[in-house]
Every structure is written in structure tokens, then in C-alpha cells.
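Below is one structure; the comments refer to it alone.
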Amino acid sequence: MEGNSYLPQLARVVDIHEEVPGERAIKTFRLEFIDGDGFSHKCGQCAMLSIFGRGESMISIASSPLVHGYKQFSIMRAGRVTSAFHELAVGALVGIRGPFGNSFPVNDWHGKHLVFIGGGCGLAPIWPVIQTAVTKREDFGDITVFYGGRSPRDIMYRSELEKLRGAAEVYLSVDSPEDGWEEFCGFVPANLMEKEPSPEDAIAITCGPPAMIKFVIKNLHALGFQDEQIYTTVENKMKCGIGKCGRCNLGKDYVCTKGPVYSWADLKELPQEY
Amino acid sequence: MERILDKGRLGALVAALADWTVLAPALQDGLWAYRPVAGGEASLTLGHPNTVQPPKGQSFPQREVFFTFDETPDGQPRLTPLVPRPAPRVVFGVRPCDGQGLTHLDQVFGEEAPDAYYQARRGTLAYVGLACNSPPSRHCFCTCVGGSPFGEAGLDVLMIDLSDRYLVRALTPVGEALMTAGQGVLTEAGAQDRAEAQQRRLAALAHPQRAVAAPQAVPERLKAGFGSALWERLAQPCIGCGICTFLCPTCHCFDINDEVASQSPVCGSRVRTWDSCQFPDFTMHTSGHNPRPDLGARLRQRVSHKFQYYFENHGVFQCTGCGRCITACPVGIDIVTVVNQVAAEAAAMQPADS
Ligand SMILES: Cc1cc2nc3c(=O)[nH]c(=O)nc-3n(C[C@H](O)[C@H](O)[C@H](O)COP(=O)(O)OP(=O)(O)OC[C@H]3O[C@@H](n4cnc5c(N)ncnc54)[C@H](O)[C@@H]3O)c2cc1C
Ligand code: FES
């Protein structure tokens, strides 16, 4: 219905890909709007996905805005709604409303080197930026992707990450050593320190568990990155997505409308309630 | 437009407003609440200090169904939106603090993506205010937060009590329409009536009230006092009941949940209900991580939202000084005291020249 922000559109699950098994399983869902093209989005925006009878969850749009016809979402099994998503089969109809939030200022980064640092489920929100950068490869300088999981099984987008090689430097890591793992063993922030990306003309984009982000930012500072060169996202609990239900704020900003994307220069000025 | 209404003819005025459903404060079980009134009730008076609940529920009900969902025979979800189409209603006896509160709700539900449900209810609502000749509660503090006992914001009509009669003043086109509908009951207002109303106004403004100290400095001082240990100390007695937010004329936080009547076939409704920043679940992530993990952080959110964050966004406080949260708090947490203590501590910690 026109002008009713709470009424979802219907979308069909056309593909389900299991990224990560286990207790904190992650699956990627490809959704197609059943009526027309639905809405377009920018890198970093989110959507409220719902299963009727279970509720809604805010999920980052993980596909590139340059891709038309479908949107992808990588959902970690957490509670009521996300677990219900993990039970779905291809063909199911779900609700979707959005897009919500601001976006990564990708157009301001033309000519710059991009350093992505992700951990756990935190590759999903920055994946559209990575996709946009490699699709419009000539618009950007070097592209470097750091990503880590607890174990090799926890690495999401494994085959897509492999496909990035060539267009981007990809540095993967796992927290603890395991047979057959040939890349870095240790936490993502440590891998970052070992590879020492240069801050010269660079933008760092990081997303992941709060503890990881804290150390990543500390290490980026140590490498010489300024606050203005560092971008991250904030995931506070959300219900409405339109600055009304009142729960997602950092001080005067509702993250659902003013975020979720922040430069560290802006974020450090806000109350650290995330 | 200004007219005079004899106090004994309030019921007749209500009867004249045949195109509206009229609500007015009524005393039930010892509590004042807005209730529908039938026209011609000779006994109708506006004898309330203020209602226990502000009138916000008229446009923002405590529970509201956004849409129902069920399954078609072939198992597809089917949504039926329930945007209300209420008949015109007019609420009598609204105190100016609560009129002010409505302007904040209008702001929140009107900005960015307007809220279709709020707008639909609000669009057919009119508010007839009643000026406060004296503070209805010992916890009133409207004058220090930008309000006035004779304030007109958010109201369509203001009534001023002149002992045996009211001076009735239209403030909006809707207010004019109401007074036109009631013209058979209203009489011309004269210079004497206006002079008397002005006297009442000056006397009301002179009435001592409780006060937030140096209000213009409060947003900056709360910002400086974000890390103060006072938040935790002042919140210590809090039992997290949320009554402060439920009775607040400006609190607008809500939750959205699915209420399920049947799992197979799926059938139920998506429902909005008032929520409260005083509840731990309000911000708690599924992982158990909570950005506002304690009573102090939650008290700070309630107070800073009204006295700092909203001010930073809109240039006005989101508190209207009605005093309900102070009156109703079972453990005596007092928003005026909290603001004053945190602000005073921050002021004392600032260098003297700034
Ligand atoms: C900006 C942003 C981006 C995000 N991006 C992603 C992403 O890309 N991928 C990802 O996996 N996660 C993402 N998240 C996190 C994700 O939103 C949460 O993990 C998810 O909402 C958890 O929902 P849940 O239902 O599984 O958990 P729960 O804790 O079970 O419930 C969450 C909600 O479900 C409903 N609910 C729960 N229990 C009940 C009940 N008993 N009755 C009625 N309703 C109930 C309520 O509405 C409740 O608030 C993001 C979060 C934000 C804020
Ligand atoms: S999610 Fe409701 S205000 Fe941000």
C-alpha cells in the first residue's frame, strides 16, 4: 500500500546457499519480489525481512546495487525469526520492507585504495561495496580484503572470495590452526598488522563482532589511518527502521536512519551505546 | 474567534457537536480518564486537575494492529492492512502541557517516513484545551521547559475558566469549525471577559512551579555529564516498571510483534504496542549483549532523550513538564531532580570561564 512503511512486500526465496554449518549457521537467501522490481538500494542499506507468524529482523542487503532482479541476504541463525529463515525451502514467500539507513559513500572513494576488514557474519554488510569495487574495478586503486572466521568451516562466501583474487588481494584467517589451512592463523586484527596496508590514499571499511572492530580500529590507527579514513557499521536492535520506535539510537541519531554506516570520526563523537 | 460558554451549558455544546464523537475527562474508580460523553449531559463539568494518562492514546493507541496475515488455499501468505479510518473525534479538557506533547508526537510520526496509522487517527482528531489557572499538580514544571499554563500549541481550541463561564478561543480552522457548530450555545465575548482572561493568565504565570535550573544550559551539561556516576546512583531504586514512559505525553517508543492465532494454517496479526526504554529487552541483542545494560544507562536514556537528544535535533525539549512521571513513580525518581543534579555536577566540573 502507498505510504505504509510497516506493510511488507512479498518476495520469493529462489535460492538458498549454506555458507557456514553448525550452531551459528549462516545461510544466504536470494529473494525475488513477486510484484515487479521491488525497491532499489545502496551499498550498506538494510531491509526488514519477515516470516509471518514469527516476526521481523533487520538484515543487511548483501547483494550489489548493480545487480537487478533479486536481492541477497546472509542470515545467521540467532533467535526466533532467523531460525525460522533457516527452516525455509526454496519457493517460500517472505515479507520484505525497506531499504533502510544511509550508505557507504562509495562514489567519494573513486581513485582510492580500499581495505576491507571483516569477521564472522560481518562480511555481508560490506559485500555490496566489495562487489561494486570489483565490478567498477578501474574506478578504484588497490583492493584488499581481510576476512577471518573461527575455523575454516566458518569462512562465509568461500568460493566468491576465491573469485575475487586477481581483482583484489584476499587475506583469509582462522582463529586457531587446523590441518590443511594454509593461510594466516590468528585473529583478523593480527593478520592486518602482519600485512600492514598503507594508509596513503586509502579507506578502511570494517565490519564484524564488536570486539574485533575495537582491535581493528586500534590497529588501523597504529598503521597511520586517520579517523576520517575508517568506516564501520553499527547494528543496534531495530524494530521500525524509520526513526520512530526509539530503540536504536546513539545519542541524537537513530541508527536506522542516520546509520548504520559511520566514519570513525563521526562515530567516536556519539555515545558508545552499541 | 472568541466566545463565551456558560459552565452549565457544556453539555449543550457537546450535543451541538453532532458530527464529532466527544471525549472528556471523567472520574472512574478514583482516576481521571478520557471517556466518550453523550450530548446534553447537564452534569458535564471539567473538574479534573489532569487526567492520569495523557490524550496520546487517541492518535497512538497502546496496542494497534498493523495488518493481519493468513494463508490462501494454496499456502501463500496474504496480508490485510488495517489502517484505521476513524470518524471525527474531539477531546475536551486537554491541559496545555499535553497539547504541547501532541506537537512532539506529530513531529516524530510525521518526519522522515510518515506513520500511516498515526496520521490516519490524527487527521480526524481535534483537541479542546483547558488553560491551567493554577498548577493542577504539585509536580508541574511547564514554564521552565518552554510551555505555559495558557499554552496553545497542539490545541484547536483553548478554554479559559472564568469561574461561572469559559472564554472559548479558536486556534485553528478545525477549532473554528467546532465553534461554528456550537454557535447556538456560545455567546459573544466582551472586553470584560477578555480582561478577566488576561488577568487569569498573568496570575497563572506568576504561580510558583517546580523548575529545571538554567534550562538553556541543560542539553550541553547533560552531554558533558554522560559519564557521570550520578546516573547509576539516582537510578538505584528503579524497579524498571516503565510507568514513567507509559504515562508520558511525549514517549513514543514501541515494539512490533506477530501475534499468532494459528500456526497451521498460519493466521495472526502484526501488532504495535507501546514499549519502554526502561525495559532491559528494549535494546538487548539476540546474543544477550545489551548496549544499555543497567538501570543507570536506561535512566540516562529517558532523561537525555527528552532534555538533550531531542533538543539537539529539534531545538526544543521533549518534556512538557506535566509531572506525571514524578507523581506516578513508585520509588520516587524525580526527573527534575535528576536533570538538576546531573547538570549541576557537570557545571561544577567545567572550567569557570566556559
Ligand atoms: C542494521 C543491522 C543489520 C544486520 N544485518 C544482519 C545480517 O546481514 N545478517 C544477520 O544474520 N544478522 C544481521 N543483523 C542482526 C539481526 O537483525 C538479528 O540477529 C536478528 O534480528 C535476530 O532476530 P531473531 O528473531 O532471530 O532473534 P530473537 O531474539 O528471537 O527475536 C528478535 C525479534 O523477533 C521477535 N520475537 C522474538 N521472540 C518473540 C516472541 N516470543 N513473540 C513474538 N515475537 C518474538 C521480536 O520481534 C524480536 O524482537 C543485523 C542487525 C542490524 C541492526
Ligand atoms: S529501528 Fe525504530 S527507531 Fe530505529
With +1 on each Lys and Arg Cβ and -1 on each Asp and Glu Cβ, and nothing else charged, work out how big the dipole of the protein assembly as shown is about its Cα centre, in Debye to the nearest 20. 1700
Which of the residue pairs A:LYS214/A:LYS237; A:LYS71/A:LYS268; A:LYS136/A:LYS163; A:LYS237/A:LYS258; A:LYS42/A:LYS112 have a Cα-Cα distance greater than 22 Å in the structure shown? A:LYS71/A:LYS268
Obtain the nm distance between the two label points defined at B:THR273 and B:ASP74 by a simple spin-label model: each point lies 7 Å from its Cα along the Cα-to-C-beta direction. 3.6
Carbon and sulfur %, accessible surface of the range A:9-100 computed with the full protein complex present, 1.4 Å: 45
Which percent, nearest 5, of DSSP beta bridges in chain A are antiparallel? 60
How many angstrom lie between the Cα centre of the range B:61-82 and the Cα centre of the range B:297-353? 40
Measuring from its Cα centre, the range B:181-305 shows a charge dipole (+1 at each Lys and Arg Cβ, -1 at each Asp and Glu Cβ) which, in debye to the nearest 20, is 480
Which distance in nm do the two modelled labels at B:GLN236 and B:ALA213 give, with both placed 7 Å along the Cα-to-Cβ direction? 2.1
How many percent of the accessible area of the range B:1-136 is carbon or sulfur, using a 1.4 Å probe? 50
Could you work out the mean projected area of the convex hull around the alpha carbons of the range A:106-233, in square nanometres to one decimal? 7.1
What does the accessible area of B:ARG194 come to, in Å² to the nearest 10, when a probe of 1.4 Å is used? 110
Considering only DSSP beta bridges where both residues belong to chain B, give the percentage that are antiparallel (nearest 5). 80
Would you tell me the mean number of C-beta atoms belonging to other protein chains that fall within 10 Å of each C-beta in B:253-262, as a whole number? 5
For the range A:106-233, what is the charge dipole size about the Cα centre, in debye to the nearest 20, if Lys and Arg each add +1 at the Cβ and Asp and Glu each add -1 at the Cβ? 320
Of A:TYR231, A:VAL174, A:GLY22, whose Cα points farthest to the positive end of the dipole of chain A (charges on the beta-carbon: +1 Lys, Arg; -1 Asp, Glu; origin at the Cα centre)? A:GLY22
Between B:HIS252, B:HIS104, B:HIS285, which gets the highest mean-square fluctuation from a Gaussian network model of chain B, Cα cutoff 10 Å? B:HIS285
Using each residue's phi in the range B:227-238, evaluate 6.51 cos²θ - 1.76 cosθ + 1.60 at θ = phi - 60° and report the 3J(HN,Hα) Karplus result to the nearest Hz, with x for Gly and Pro. x, 5, 6, 4, 4, 5, 5, 6, 8, 3, x, 4
Highest-MSF residue in chain A out of A:ALA211, A:ALA11, A:ALA89 [GNM, Cα springs under 10 Å]: A:ALA211
Isolated Cys in chain A, by beta carbon distance under 4.7 Å: A:CYS43, A:CYS46, A:CYS121, A:CYS185, A:CYS207, A:CYS248, A:CYS256
What net charge do the residues around A:SER83 carry, taking every other residue with its C-beta under 15 Å from that of A:SER83, with Lys and Arg at +1 and Asp and Glu at -1? 0
So what's the back-of-envelope 222 nm ellipticity for chain B, counting only DSSP H runs of four-plus at -39500 (n - 2.57) apiece and dividing by all residues, rounded to 500? -8500 deg cm²/dmol
Once the dipole of chain B is set up from charges on Cβ (+1 Lys and Arg, -1 Asp and Glu), the residue from the list B:LEU205, B:PRO81, B:PRO36 lying farthest towards its positive end is B:LEU205
Any idea what the relative contact order of chain A is, in percent, if you count C-alpha pairs under 8 Å spaced at least 6 apart? 17
Accessible area of B:SER163 in the full protein assembly, 1.4 Å probe (Å², nearest 10): 70
Please report the relative contact order for chain B, taking Cα pairs under 8 Å with a sequence separation of at least 6, and give it as a percent rounded to a whole number. 21
Relative contact order (%) - the range B:55-181, alpha-carbon pairs under 8 angstrom, separation at least six: 24
I'd like to compare B:320-330, B:47-57, B:264-274: which one has the highest average count of other Cβ atoms within 10 Å, and what's the full order after that? B:320-330, B:47-57, B:264-274
Whole-Å semi-axes of the range A:51-99's equivalent ellipsoid (Cα gyration tensor): 20, 12, 11
Karplus ³J(HN,Hα) for the range A:12-27 (6.51 cos²θ - 1.76 cosθ + 1.60, θ = phi - 60°; Hz, whole; x = Gly/Pro) runs 9, 6, 9, 7, 10, 10, 7, 8, 9, x, x, 5, 9, 4, 10, 10
Considering only the protein assembly as shown, what is the antiparallel percent among its DSSP beta bridges, to the nearest 5? 65
For the protein assembly as shown (alpha-carbon point model, no solvent) the Debye-based log₁₀ I(q)/I(0) at q = 0.09, 0.10 Å⁻¹ works out to -0.82, -0.97
Chain A: C-alpha gyration tensor shape, a/c 1.5 cut-off, then a/b vs b/c: prolate
Could you estimate the translational diffusion coefficient of the range A:9-100 from the Stokes-Einstein equation, with Rh from the Kirkwood formula over C-alpha pairs, at 25 °C and 0.890 mPa s, in whole µm²/s? 189
Highest to lowest packing among A:159-165, B:63-69, B:208-214, scored as the average C-beta count within 10 Å: B:63-69, B:208-214, A:159-165
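The values are calculated or read from the model by the stated rules, or taken from the named source; none is laboratory data. Keep in mind that what you see is a predicted model, and the values were worked out from it rather than measured. Cβ coordinates were reconstructed from backbone atoms using ideal geometry, including for glycine residues, and neighbour counts include every protein chain displayed. Protein only, heavy atoms only, side chains kept; ligands, DNA and RNA dropped before computing areas. Shrake-Rupley method; radii C 1.70, N 1.55, O 1.52, S 1.80 Å.
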